[in-house]
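The values are calculated or read from the model by the stated rules, or taken from the named source; none is laboratory data. Values in this document were obtained by computation on a predicted structure and should not be read as measured data. All Cβ positions, glycine included, derive from the backbone under ideal geometry; neighbour counts span all protein chains shown. SASA here: full protein model, heavy atoms, side chains in, ligands and nucleic acids out. Shrake-Rupley method; radii C 1.70, N 1.55, O 1.52, S 1.80 Å.
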Amino acid sequence: MNIMNLLDFLDSSPVNFLAVRTLKEQLEAAGFQRIDPSRPMPGMKPGGQYYVTKNDSSLYAFRLGRKPLAEAGIRLICAHCDSPTFRIKPKAEISCEGGLVKLNTEVYGGPILSTWMDRPLSLAGRVVLRGRDALHPETCLVHVRRPLLQIPNLAIHFNRQVNDGVKLSRQKDMLPIIGIITEELEREGVLMRLLREELQTEAPILDFDLYLYDATPACLFGLHDEFISSGRLDDLSMVHAGLAALLGAGSSPQATQVLAVFDNEETGSQTKQGAGSPFLASLLQRIVQAQGGTPDDYFRAVEQSFMVSADNAHAWHPNYSEKYDPTNHPQMGGGPVIKINAAQKYATDAPAAAVFAEVCRAADVPVQYFVNHSDVAGGSTLGNILAASLPLRGVDMGNPIWAMHSCRETGSVADHTYCIKAFTKFYDI
Ligand code: CO
């Protein structure tokens, strides 16, 4: 795997819906077949490769093992495709003096607000068009591929204390400017006109799920190009590593390999397409049935399975060493990180950590550990939320990055390569 493949993946996946589309394209190119969950499951043969999507924003891909689920369980890698951003509100256009138009937005997840200022932004998401009847509207994905908006800072001359820290209002300070309109505005407004041009459609636009994204492409930097700079490394880098492992793993595995990419991790996962949904558990039940298994076989499969919940970790930052645990602070480039928390915000326990460390050892990949500084609360992730509907044993892990939830995060090339090696070994064990 070439690291440029990751950069392409990041650039073609500015938001959740487009990340799922990118995944679909790569899976289909590798021979994976789409399953429509509203239809009966197809026959399940060993080596069969399938994928299912939910809401166009979560995706579940699997390659069936030689042994049925009841005997070998699944090897699950899960990650999330959503990232902190700004969602465009309905009736978004606000006209200001001089013809300036800004867009009204709402914050999605927990971005570092200031990092979204003074950089070219653009729009991506999905647009809903009138369909065959009211219950079945048509959806189209939109990816505006040019710089379109910016959230300008206030000049330092108006706030001499700006470098002592600024409190930003999400409603006042963070609204992006999209243009200057001098002609008479059409009734439908600039945003609708833009969407219509992007989609090249005359059909009535009923609604949209649109988000801002950083219009500057991902890149490498450093003396030896050892760092990755991009938006959405959390958690698209782990999604990409999972995909690369699934595509690179053996095609006739003993146990069934599953890649689950959830939406809405950044807002708590409690949606039909999030890790809190019973969708994945139901899918596994249906696979067991399609293999001729009994309801009891499903519970046997759950007991045989192992989950790697992959979400980025915090790399040790040389400017802020006091924020880190004195003995468990992963280094950039030091390999994948096992995340541990006494309150079980991370699913990891000692046997699961040992399993993942052994997988890394077998793959010749170094492994690191992250525990919060005891005076710092820390974050949470997918593993435990998924376990509430699908009680798998498993580990929470991720690659170390800096500036998590910045508009632009920093990761390590070496760690990405390590992670793919470890994931591929995990699928093949
Ligand atoms: Co994350």
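Go through the stretch 54-103 and report how many residues are assigned to a loop (DSSP other than H, G, I, E, B), over 30 Å from Pro295 (Cα atoms) and not small (Gly, Ala, Ser). Break it down into steps so the answer makes sense when it comes.
Step one: list which residues in the stretch 54-103 are assigned to a loop (DSSP other than H, G, I, E, B), which gives 55-57, 64-68, 73, 81-84, 96.
Within this subset, residues satisfying the condition of being over 30 Å from Pro295 (Cα atoms) are 81-84, 96.
Subsequent filtering for residues that are not small (Gly, Ala, Ser) retains 81-82, 84, 96.
Total meeting the criteria: 4.
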Taking the stretch 369-383 only, how many residues are in contact with a strand residue (DSSP E or B) (Cβ under 7 Å, 6 or more places away or on another chain) and not hydroxyl-bearing (Ser, Thr, Tyr)?
-> 6
Of the conditions (1) under 30 Å from Gly333 (Cα atoms); (2) without any contact (Cβ under 8 Å) to a residue 12 or more places away in the chain; (3) not aliphatic (A, V, I, L, M), the single one that Lys167 does not satisfy is (1)
Right, Leu236: surrounded by fewer than 24 Cβ atoms within 10 Å (Cβ to Cβ), assigned by TED's automatic domain parsing to the domain that holds Val15 and not in a loop (DSSP other than H, G, I, E, B) or not?
-> no
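Looking at Tyr346, Tyr324, which one is under 19 Å from Asp415 (Cβ atoms) and modelled with pLDDT under 95? Don't jump to the end; show me each part of the working.
Numbers: Tyr324 fails: modelled with pLDDT under 95.
Only one candidate qualifies: Tyr346.
Would you mind stating whether Gln270 is open to solvent by 50 Å² or more (accessible area, probe 1.4 Å), within 16 Å of the ligand (Cβ to nearest atom) and not in a helix (DSSP H, G or I)? Before you say what the answer is, go through the steps one by one.
Details: open to solvent by 50 Å² or more (accessible area, probe 1.4 Å): yes; within 16 Å of the ligand (Cβ to nearest atom): yes; not in a helix (DSSP H, G or I): yes.
Spelling it out, Gln270 is indeed open to solvent by 50 Å² or more (accessible area, probe 1.4 Å), within 16 Å of the ligand (Cβ to nearest atom) and not in a helix (DSSP H, G or I).
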Name the pairs whose Cβ atoms lie under 8 Å apart, with the first residue in the stretch 195-220 and closer than 13 Å to Val142 by Cα and free of Cβ contacts under 8 Å to residues at least 24 places away in the same chain, the second among the basic types (Lys, Arg) and assigned to a loop (DSSP other than H, G, I, E, B), and 6 or more positions between them or separate chains?
-> none
Among the strands (runs of 3 or more DSSP E) confined wholly to the stretch 329-429, which include 1 or more residues that are among the β-branched types (Val, Ile, Thr) and within 16 Å of the ligand (Cβ to nearest atom)?
-> 337-340, 393-398, 409-412
Restricting the search to the stretch 27-84, which residues are more than 20 Å from the chain's Cα centre (by Cα) and acidic (Asp, Glu)?
-> Asp36, Glu71
Subset of the stretch 273-310 [within 19 Å of the chain's Cα centre (by Cα) and buried (at least 24 other Cβ atoms within 10 Å of the Cβ)] | Gly274, Ala275, Met307, Val308, Ser309, Ala310
Among the numbered criteria (1) within 16 Å of the ligand (Cβ to nearest atom); (2) not charged (D, E, K, R); (3) not assigned by TED's automatic domain parsing to the domain that holds Gly394, which single criterion is violated by Val261?
-> (3)
Looking only at the stretch 24-49, which residues are open to solvent by less than 20 Å² (accessible area, probe 1.4 Å) and touching a Phe, Trp or Tyr at 6+ places or on another chain (Cβ under 8 Å)?
-> Leu27, Phe32, Ile35
Which of the residues spanning the stretch 342-382 are among the small types (Gly, Ala, Ser) and open to solvent by 60 Å² or more (accessible area, probe 1.4 Å)?
-> Ala342, Ala343, Ala350, Ser374, Ala377, Ser380
Listed residues Gly131, Gly179, Gly109, Gly125; which is among the small types (Gly, Ala, Ser), surrounded by 13 or more Cβ atoms within 10 Å (Cβ to Cβ) and under 14 Å from Asp214 (Cα atoms)?
-> Gly125
Contact list, first residue from the stretch 395-407 and of a type in the set (Ser, Thr, Tyr), second anywhere and away from the ligand (no atom under 11 Å from the Cβ), beta-carbon distance below 7 Å, six or more apart or interchain, is Ser406/Ile112; Ser406/Thr115
